[in-house]
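Novice: Quick one: this structure, given as structure tokens, is what I'll be asking you about.
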Amino acid sequence: MGVESRARKVEEVDSDLEQLPKATSDAARILADRRPELALQAHQAEWHVRGIQYHCQNFYSHYRSFIGEASKRLQSGADVIIMYSPESQRMMFEFYALVILARITFDNLRFYIHTVFATPFPQLPKSITDFFEGQTNCPIYEQCRSDPRIQYLIDIRNCLVHHRSFATSDNAILVKEGTSPSDVLAHSSISSMTRGSFRLVGENGVAVNVFLPDKIYDRSGSDTKLARFTYEARWHILSMSFAFATVASEVVASTLLLVASTDGQPFRYEKKRRGKAGGA
């Protein structure tokens, strides 16, 4: 999928999260200065990014607490650990909120950018996925269409809304890396979609990870269906959370700057044309 999923250092995450909304805030000020009539839309866009940052920071705080709890309990030598951990549940609350607000932010791009579209606002799709099904010459939507972080975000949101839930108890289950698949499948995970695992590092160290599925939907056939969840790609939930927050900030900032620098209405959207039956 090409999404960054490496482990992040604590000080790196703290610094990056603090800087997350800066580009959007700068872009909002530029748009409000150049086009005062769009100041409200600019600051609404900034609000969404700050909300995403808020949920990402909360997720990270609960994640760190969960890792700390887990590390203290993983010296027993067992391959599967079941532990009482309200923090694991709280971090999934925040991850859910992050995913939903990020998706809403992408759907709301139409509100921020419609003034530079010749296509009337009521004819612009209400969701980003509907935008992808049509044709547009707007570089923002073409950027979104080709970004694997956004596609994975959309897939997770759709899965949560239509197929699976993060709903779980306040018990966390961690499986030692290298445990056979049959043993893993015999136990629940932190949620119905994530896989919690651990490995011993050196004599006293423990590494705890929470992974998201390699892919959410199987599109290999004629119909799209929910994939059988595997975790070989090791999409780390912390890195993916930051990836979702980062791409939302990048796209919103780019959108506001595009509107601020564009004269007229050069962009258009058209629904995908269906072929006519019996056509030559």
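Novice: Taking 32 Å as the cut-off for C-alpha to C-alpha distance, list the pairs among K225/K272; K176/K215; K22/K272; K126/K176 that go past it.
Specialist: K22/K272; K126/K176
Novice: Now for a separate question. In deg cm²/dmol and to the nearest 500, what is the mean residue ellipticity at 222 nm of the chain if only DSSP H runs of at least 4 residues count, each as -39500 (n - 2.57), divided by the residue total?
Specialist: -16500 deg cm²/dmol
Novice: Now for a separate question. Taking H placed 1.01 Å from N in the peptide plane, check which residues at least 5 places from T119 or on another chain put their amide H under 5 Å from its amide H.
Specialist: Y269
Novice: Starting from the Cα gyration tensor of the chain, take the square roots of the eigenvalues, sort them a ≥ b ≥ c, and report rounded, prolate or oblate (rounded when a/c is under 1.5, otherwise prolate if a/b is larger than b/c, else oblate).
Specialist: Oblate.
Novice: On C-alpha positions alone, give me the angle between the axis of helix 237-261 and the longest principal axis of the chain, in degrees, nearest 10.
Specialist: So the inclination is approximately 10 degrees.
Novice: So what's the angle, to the nearest 10 degrees on a 0 to 90 scale, between helix 10-19 and the longest Cα principal axis of the chain?
Specialist: 20 degrees
Novice: Considering only C-alpha atoms, what is the centroid distance from segment 194-249 to segment 121-141, in Å?
Specialist: Rounded to whole Å, the Cα centres lie 29 Å apart.
Read-outs throughout are calculated quantities, based only on the coordinates presented, and are distinct from any laboratory measurement. These numbers come from a predicted model, not from an experiment.
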